1. How many residues, within segment 275-288, are within 17 Å of GLN165 (Cβ to Cβ), open to solvent by less than 30 Å² (accessible area, probe 1.4 Å) and of a type outside the set (Gly, Ala, Ser)?
2. Output the residue which, of all residues in segment 44-80 that are of a type outside the set (Val, Ile, Thr) and in contact with a strand residue (DSSP E or B) (Cβ under 6 Å, 6 or more places away or on another chain), is most open to solvent (accessible area, probe 1.4 Å).
3. Collect the residues in segment 122-156 that are open to solvent by less than 30 Å² (accessible area, probe 1.4 Å) and either over 20 Å from the mean Cα position of the chain (by Cα) or among the charged types (D, E, K, R) (or both), keeping them in residue-number order.
4. How do the pairs read when you match residues in segment 119-147 that are of a type in the set (Val, Ile, Thr) with residues anywhere that are open to solvent by less than 20 Å² (accessible area, probe 1.4 Å) and in a helix (DSSP H, G or I), using Cβ under 7 Å and keeping only pairs 6 or more apart or on different chains?
5. What are the residue pairs meeting all of these: first residue in segment 13-37, first residue within 26 Å of LEU109 (Cα to Cα) and among the aromatic types (Phe, Trp, Tyr), second residue at pLDDT 90 or above and open to solvent by less than 50 Å² (accessible area, probe 1.4 Å), Cβ atoms under 6 Å, and 6 or more apart or on different chains?
6. Going residue by residue through segment 99-108, is there one that turns out to be of a type in the set (Asp, Glu), in the same structural domain as LEU58 (by the TED database) and surrounded by fewer than 17 Cβ atoms within 10 Å (Cβ to Cβ)?
7. Considering every residue within segment 111-121, establish whether at least one is under 21 Å from ALA246 (Cα atoms), of a type in the set (D, E, K, R) and out of contact with any His (no Cβ under 6 Å at 6 or more places or on another chain).
8. Just to be sure I understand, how many residues within segment 10-52 are out of contact with any Pro (no Cβ under 9 Å at 6 or more places or on another chain) and at pLDDT below 50?
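The values are calculated or read from the model by the stated rules, or taken from the named source; none is laboratory data. Quick caveat, the model's predicted, so the values are computed rather than measured. All Cβ positions, glycine included, derive from the backbone under ideal geometry; neighbour counts span all protein chains shown. Accessible surface is based on the protein model in full, side chains and every heavy atom, while ligands, DNA and RNA are left aside. Shrake-Rupley method; radii C 1.70, N 1.55, O 1.52, S 1.80 Å.
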Amino acid sequence: GAAGTTFALSRAGGAPTRVTFSAALRESNVAAAWRGERLGLVSRYISEIDEENIGPSLRMEVRVLLLSHNNLQRLDGIRAFPVLRALSLQHNLLRHLDDLEPLFEMPTLEILNLKGNAVTYILNYRAFMLASMPSLGRLDDRVVSAEERAEGRALVHAEHSLLAQLMRNYMCVNQLEMLAPLARVHAELKQTLFGVYAAGRAGYLPEVSCPERPMDLLITYWRHDLSLVENRDGWRRSLREMRDAARRLFQRRASDYMAALGSGAGVGVEDFDVGTVGRVAEEIYAELLRLQNQRISALLAEIEATENANREHFRDFKQRNPRVGLGAPSRAPDIENPNLAVAWNSNPNSRAQQDAKRR
């Protein structure tokens, strides 16, 4: 049939295809797949649970659902089974914690298995799942204790604060990475206007005032794209990047961490209790914060260097062409992002700090 052809293409490595839950069920031996409260569709290349095509009998009778070894990347349609007690999703294509959000709306779910999915390698994954699903009694073949659940809630709360700081730094770095090339272009344009050949044009130019700190005006009128805050999808993507960065950093140092934790070969972060993983995650997030702060300092230094070079250029030009004045010093930059403003004003090489020292 059509679904059988689809399966053949998938096995042969053909183009990605859409295989729905209902189509896989039709192609299966329903009597063998559905036995009372238990429904199993394992290794059927299912990529989507089409909720609208699932009949009421299945919805209200299935309490054990086996969907291992499929191609699921999202779980939106899992809401079609409101009375599920056990769900196996081993070896699918679930990568991010927000892909699992539909599971958080299933208050009857007691047993869940997500082994073999990339999402299980995210730091604090188990703590996050236990905090989000209070009904779970068993996760990934491991019993959940009351102490582990309480510890998981505390870890998720602490991680939330760290991720919030990482996101603020992320936006600050993003702003500075956009601002640095703008500063260079701004300086190049000014140097072109008041460059080595400008003195020859001075007789044709009106009296011109060149601000000593052109960057101030540039920052004042420059506005960062706030889509990360205003757009839910943009925020999710950025949060995914933060978690992926933490996971990659852990993987680069996995052998050292595993040796320090006393684990053997083949043992990963997903095999430890939430407290142990939480301590590792805290170190990883602290390292990410350190790397972000280094990047912020480097970008601020680059922008300051561009500004200093621009200032020296104008001073040299004034000596060669006294008709062009430097004008009054411009005011402090009006930076909308408080985190960026603090970083700018606290930079020991910034003009604001140098002016304060002279005063």
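1. Selection size over segment 275-288: 3.
2. Residue satisfying both the conditions and the ranking: GLU48.
3. If the condition is that a residue be open to solvent by less than 30 Å² (accessible area, probe 1.4 Å) and either over 20 Å from the mean Cα position of the chain (by Cα) or among the charged types (D, E, K, R) (or both), then ARG126, LEU130, MET133, LEU136, LEU139, ASP140, VAL144, GLU148, GLY152 are the ones that fit.
4. Filtered contacts from segment 119-147: VAL119/LEU97; VAL119/ASP99; VAL119/LEU100; VAL119/TYR125; ILE122/LEU97; VAL144/LEU130.
5. PHE21/ILE46; PHE21/ILE49; PHE21/ASP50
6. Within segment 99-108, one or more residues are of a type in the set (Asp, Glu), in the same structural domain as LEU58 (by the TED database) and surrounded by fewer than 17 Cβ atoms within 10 Å (Cβ to Cβ).
7. Among the residues of segment 111-121, at least one is under 21 Å from ALA246 (Cα atoms), of a type in the set (D, E, K, R) and out of contact with any His (no Cβ under 6 Å at 6 or more places or on another chain), which makes the answer yes.
8. 6
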